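See below for the structure under consideration.
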Amino acid sequence: MTSIMDEYDQVPGALEDVSNAQNSDDYQDSREKPEPEAVTELKPPMGSEDRHEEVRKQGWTDRVAIKYDEVARNEDYEWAGGASRYEWAGEEGDVGPRNEELEEQLFKNINLSRVGHRIEEYKKIQVTFESEERIYPTASWEGAKLHPVLIENLELCLYQHPTPIQCYVIPSVLSGKDVIGIAQTGSGKTGAFLIPILSQLMGKAKKLAAPRPNVSDPNFDLKTQGVRAEPLVLIVCPTRELATQIFDEARRLCYRSMLRPCVVYGGAPSRYQRDELRKGCDILIGTTGRITDFMSQPNVLSLRRVRYTVIDEADEMLQSDWEDEFKKIMSGGDVNEDEDHRYLMFSATFNKECRKLAREYLSTDHIRIRVGRPGSSHLNVSQVIHFVEDRAKKRAVFDLLLSMVPIRTLIFANNKTTVDYLDDYLYNSGLPTTSIHSDRTQREREDAIRSFKIAECPILIATGVTARGLDIANVMHVINYDLPTTTHGGITEYVHRIGRTARIGNEGIATSFYNERNEDLGPDLVKILLECKQTVPDFLEHFTPSEGKLSFDDDETEEEDNNENEDASQQEEGADNAATTEDATYVEDSLWAAPEGDPIPPPPEEAPEDTEW
């Protein structure tokens, strides 16, 4: 990464004269969908020969012509939800034998995300832990008393140590508490809820799970042997891409167990997903629309056995687009409402609507864990802001891409038209691009993500549909071709976008094009730059807080202020000893494993009940 940063800094005049760039008129759309049975020859636009030569000299891979008609007609298309997972009869006991071929696919793929060398930076992040009783954080997988097979799977994933959010969430879930987890992008939230849940269920599938057919039997017949899906875990998330990402992580962590993960999401054929559910499902991951569709078919899906409900990206789930369906999932159907049903909510922010939901569904003694300031970014992202007029943006992004060595790059635009336009322009300039937005069919979306993952098309242009949850290895550069507007996500959207790079201890660059249209975002943008110790460009300096102190208008601060006011009122009313009662909230606010000393207390000598293997 250092060499890439050096390359970025040493290129003379990469964007110095970008405001004077010509607004080229040589654009022509050569990526229109071809007629069936015909392949349109892609020809470079007039005047683009020089740009093609620059691209070749820089070393970018060859472009790949996207044949949309072939994608649409492919009956053997491999949907993300049909990816291989560990299947076995269960006759060997609670833990199955190794499958070296599947192990190679799950754990040794070169495109899997790996922990970066700056993972130690996470130790400096402030952690706030609120609970009615003290929960000892764990500093290692072994110290958490996890199931041995799960520890083996973590080692296969090359996960050496828990991240801060995992240090606190894992023992909290294992203690049987409802949990709210708030942490930055790329901090390991998915592992934070999957690891303890799967550890609790491993070795108990035969006891807790519904009957399931042996799908590995050569004589298995889905029509006669298919069953109703009765998952033990329900994970709800806002986007299709996030759902399939969690599914991929579940496939790895469920390896050699009897636990079978499934994923359901819109766009893909419901019949195909129904068939997967009828093979048995213990971990169900999905988007709200498709989950409620299957909930209305009680012969296909029942939630009566659910023991854990996880809401990922909780703040996004409460947007108006999902609110009605979300409420059906949380309170409708045959959801298990026994005392042993645990609720977990995760988000990068936790607004008023999230707090209302927490009070409605989570137990009163739930645990809340915050890593860093809600809504903040982290220091591993190098943020660069350039002033670029709208008319100069397309040439500016081309110059920027060629000013660096070829790396996997994610470019964000604010609308579908701009995404298509920019995709065409860069593609016709010789760059290997693909694109994704909500008007694309699900096949096209998955094809774009797949091409981006394997670096067949190492430049992905997207709308905010990929701003949350997209976790692809080696995304080293994020470009905000358009900065998000304050009416559509604002600074929160910005933080999520740049969080697609520099994940789990890796480094990355985030470059943004700014102009007068983004004035309303300026104050919040400067605060983020200052908080992350980034350079504030001259054209943004007037937004620097005059008082020299950064104050963020986030809901967590508001809630803390409200709590302080309530405590003051209690004292005025004579409740002076209210904070000394046995059920008072225990609050720990410390630097996690800070260099000057490890504040993590030793775990109890005895493992919690229900963890004897």
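The values are calculated or read from the model by the stated rules, or taken from the named source; none is laboratory data. Being a predicted model, the structure only gives us computed values, none of them experimental. With ideal geometry, Cβ positions are generated from the backbone for all residues, glycine too; neighbour counts draw on all protein chains shown.
Details
- Hits in the range 212-227 (condition: of a type in the set (Val, Ile, Thr) and either within 17 Å of Asn299 (Cβ to Cβ) or in contact with a strand residue (DSSP E or B) (Cβ under 9 Å, 6 or more places away or on another chain) (or both)): Thr224, Val227
A quick yes/no check of all residues on (1) outside any helix (DSSP H, G or I); (2) within 27 Å of Thr309 (Cβ to Cβ); (3) in contact with a Gly (Cβ under 9 Å, 6 or more places away or on another chain):
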position: Phe129; (1), (2), (3): yes, yes, no
position: Glu133; (1), (2), (3): yes, yes, no
position: Thr138; (1), (2), (3): yes, yes, no
position: Leu146; (1), (2), (3): yes, yes, no
position: Leu154; (1), (2), (3): no, yes, yes
position: Gln160; (1), (2), (3): yes, no, no
position: Gln166; (1), (2), (3): no, yes, yes
position: Val173; (1), (2), (3): no, yes, no
position: Lys177; (1), (2), (3): yes, yes, no
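- Number of the exception - Lys207 against (1) in contact with a Pro (Cβ under 8 Å, 6 or more places away or on another chain); (2) free of Cβ contacts under 8 Å to residues at least 24 places away in the same chain; (3) not hydrophobic (A, V, I, L, M, F, W, C): (1)
- Where a residue in the range 323-334 is of a type in the set (Asp, Glu) and its partner, wherever it lies, is modelled with pLDDT of 75 or more, with Cβ under 7 Å and at least six apart: Glu325/Thr288; Glu325/Gly289; Glu325/Thr292; Asp334/Ser302; Asp334/Leu303; Asp334/Arg304
- Gly203 surrounded by fewer than 23 Cβ atoms within 10 Å (Cβ to Cβ) and on the phi > 0 side of the Ramachandran plot: yes
- Residues located in the range 388-439, provided they are touching a Lys or Arg at 6+ places or on another chain (Cβ under 8 Å), of a type in the set (Asp, Glu) and surrounded by fewer than 23 Cβ atoms within 10 Å (Cβ to Cβ): Asp390, Asp424, Asp439
- Within the range 228-246, considering residues that are out of contact with any helix residue (DSSP H, G or I) (no Cβ under 7 Å at 6 or more places or on another chain) and at pLDDT 95 or above, the one nearest to Gly188 (Cα to Cα): Leu234
- Verdict on Ser199 being in contact with a His (Cβ under 7 Å, 6 or more places away or on another chain), farther than 20 Å from Gly81 by Cβ and either not β-branched (Val, Ile, Thr) or not assigned by TED's automatic domain parsing to the domain that holds Glu360 (or both): yes
- Candidates in the range 46-73 are the residues that are modelled with pLDDT under 70 and basic (Lys, Arg); of these, the one that is surrounded by the fewest Cβ atoms within 10 Å (Cβ to Cβ) is Arg73.
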